[in-house]
Amino acid sequence: MEKLCDLLKIEKGVTAIIGGGGKTTMLRVLGEELSARGTVILTTSTKIFPFEDIPFTAWETGAYEERGSEYEEEYCRHITKSLRSSYCICTGTPLETSKISAPELPFEKLAELADYVIVEADGSKGLPVKAHKSWEPVIPKCANKTVLLMGLWCFGKPALEVVHRPHLFCRFADCTARDTVIPASTAKLIRGENLADVLFLNGLTEENLPGALMVKSMLDMPVFAGNLQQKQWFEF
């Protein structure tokens, strides 16, 4: 089976992952695959939990304000050293919640330190669909590709249960928050927001395959589907 990174045509540089329903899992899969080809940094422009089994390099909170470029150079050396021993690392700024936020180092600089930088650039409260406010998602300006995720288990359930920011979703989908999510409403959201280069539909089953195909038919963009947990995927 084709690797996910090849299916999505992930290039060297910065890639942003947005939406809901599997972003962190996609980061892990891409990190595993791409580390066989070069060095990889997994990070975020919002907030994520660090990976338990992937080396973590911390950006110290407030260090840049105190030490400026001296600390930046030290941090860069530490990342470079970490990438020599492990081709895939995670980096960010530790928070009191056990999550991490973005490092203060520009993503352009991270891209100088590693071949691939994969950024989780969105938050969805664990829900399979995300509608975005004007300042969301937080896609790095230097990203050369943005991948949108959506969990197919959203179909047939009320928007208020499976959509992050359902009131915004309903504006695009012309429905109420108590209406069930259907393929047509998700396609309206994706077309209306127009945030990504490609779409990955996660959680594919025989039951939701017709809905996935309907979403594909309503969009003018590459659409892929599969199950990230099971490491199965294909292009329609």
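Specify which of the listed residues (196, 187, 177) is within 21 Å of the chain's Cα centre (by Cα) and over 21 Å from residue 121 (Cβ atoms).
Residue meeting the stated conditions: 187.
Name the residue that is nearest to the chain's Cα centre (by Cα), counting only residues in region 128-137 that are surrounded by 17 or more Cβ atoms within 10 Å (Cβ to Cβ) and in a loop (DSSP other than H, G, I, E, B).
Among them, the one singled out is 137.
If we keep just the residues of region 100-123 that are among the β-branched types (Val, Ile, Thr) and touching a Leu at 6+ places or on another chain (Cβ under 9 Å), which is farthest from residue 148 (Cα to Cα)? Give the steps one after another, and end with the answer.
Start the filter on region 100-123 by keeping residues that are among the β-branched types (Val, Ile, Thr), which leaves 100, 117-119.
Filter once more, so that each one left must be touching a Leu at 6+ places or on another chain (Cβ under 9 Å): 117-119.
On the way: 117: 16, 118: 13, 119: 12 Å.
If we take residues in region 100-123 being among the β-branched types (Val, Ile, Thr) and touching a Leu at 6+ places or on another chain (Cβ under 9 Å), then 117 is farthest from residue 148 (Cα to Cα).
Looking at region 56-69, is at least one residue crowded, with 17+ Cβ neighbours inside 10 Å, at pLDDT 95 or above, under 24 Å from residue 115 (Cβ atoms) and of a type in the set (Val, Ile, Thr)?
Scanning region 56-69 turns up no residue that is crowded, with 17+ Cβ neighbours inside 10 Å, at pLDDT 95 or above, under 24 Å from residue 115 (Cβ atoms) and of a type in the set (Val, Ile, Thr).
Consider residue 50 against the criteria (1) open to solvent by 40 Å² or more (accessible area, probe 1.4 Å); (2) not in a loop (DSSP other than H, G, I, E, B): it satisfies all of them except one. Which criterion is unmet?
(2)
I'm checking my understanding of the structure. Among residues of region 12-41 that are part of a loop (DSSP other than H, G, I, E, B) and over 15 Å from the mean Cα position of the chain (by Cα), which one is nearest to residue 132 (Cα to Cα)?
Kept after step one, since they are part of a loop (DSSP other than H, G, I, E, B), are these residues of region 12-41: 12, 20-22, 35-39.
Checking the rest, the ones that are also over 15 Å from the mean Cα position of the chain (by Cα) come to 12, 35-39.
Values: 12: 27, 35: 31, 36: 34, 37: 34, 38: 33, 39: 31 Å.
If we take residues in region 12-41 being part of a loop (DSSP other than H, G, I, E, B) and over 15 Å from the mean Cα position of the chain (by Cα), then 12 is nearest to residue 132 (Cα to Cα).
Against the condition at pLDDT below 95, of a type in the set (Ser, Thr, Tyr), crowded, with 18+ Cβ neighbours inside 10 Å and over 30 Å from residue 154 (Cα atoms), how does residue 39 come out, does it pass?
Taking the combined requirement at face value, the residue does not satisfy it.
Going by the conditions given, is residue 91 within 23 Å of residue 228 (Cα to Cα) and buried (at least 17 other Cβ atoms within 10 Å of the Cβ)?
Details: within 23 Å of residue 228 (Cα to Cα): yes; buried (at least 17 other Cβ atoms within 10 Å of the Cβ): yes.
Yes.
Return the residue satisfying two criteria in turn: it lies in region 147-158 and is more than 30 Å from residue 110 (Cα to Cα) and open to solvent by less than 10 Å² (accessible area, probe 1.4 Å), and of such residues it is nearest to the chain's Cα centre (by Cα).
Residue satisfying both the conditions and the ranking: 152.
Is it the case that residue 196 is open to solvent by less than 70 Å² (accessible area, probe 1.4 Å) and assigned to a loop (DSSP other than H, G, I, E, B)?
For residue 196, the condition - open to solvent by less than 70 Å² (accessible area, probe 1.4 Å) and assigned to a loop (DSSP other than H, G, I, E, B) - is met.
What residue, of 205, 176, is within 24 Å of residue 133 (Cβ to Cβ), of a type in the set (Ser, Thr, Tyr) and part of a loop (DSSP other than H, G, I, E, B)?
Every option except 176 fails the conditions.
For (1) assigned to a strand (DSSP E or B); (2) within 18 Å of residue 26 (Cβ to Cβ); (3) open to solvent by less than 30 Å² (accessible area, probe 1.4 Å), each residue gets a yes or a no:
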position: 83; (1), (2), (3): no, no, yes
position: 105; (1), (2), (3): no, no, yes
position: 117; (1), (2), (3): yes, yes, yes
position: 125; (1), (2), (3): no, yes, no
position: 145; (1), (2), (3): yes, yes, no
position: 160; (1), (2), (3): no, no, no
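Find all pairs meeting these conditions: Cβ atoms under 9 angstrom apart; at least six residues apart or on different chains; first residue within region 5-27 and over 21 Å from residue 169 (Cβ atoms) and touching a residue at least 60 places away in the same chain (Cβ under 8 Å); second residue of a type in the set (Phe, Trp, Tyr) and part of a helix (DSSP H, G or I).
Short answer, once both residue conditions are applied: 14/107.
Across region 162-173, what is the total count of residues that are buried (at least 19 other Cβ atoms within 10 Å of the Cβ) and either hydroxyl-bearing (Ser, Thr, Tyr) or not in a helix (DSSP H, G or I) (or both)?
So the count comes out to 2.
Checking the condition among the polar types (S, T, N, Q) and either in contact with a Leu (Cβ under 9 Å, 6 or more places away or on another chain) or touching a residue at least 60 places away in the same chain (Cβ under 8 Å) (or both), which residue from 97, 93, 43 passes?
Going through 97, 93, 43 in turn, just one is among the polar types (S, T, N, Q) and either in contact with a Leu (Cβ under 9 Å, 6 or more places away or on another chain) or touching a residue at least 60 places away in the same chain (Cβ under 8 Å) (or both): 43.
Give 177, 121 a once-over and let me know the one that is small (Gly, Ala, Ser), in contact with a helix residue (DSSP H, G or I) (Cβ under 6 Å, 6 or more places away or on another chain) and more than 18 Å from residue 215 (Cα to Cα).
Result of the check over 177, 121: 177.
The values are calculated or read from the model by the stated rules, or taken from the named source; none is laboratory data. Nothing here was measured: the structure is a model prediction, and the numbers come from that model. Positions of Cβ are backbone-derived with ideal geometry, glycine not excepted, and every protein chain shown enters the neighbour counts. Just so you know, the surface numbers come from the protein's heavy atoms only, side chains and all, with ligands and any DNA or RNA stripped out. Shrake-Rupley method; radii C 1.70, N 1.55, O 1.52, S 1.80 Å.
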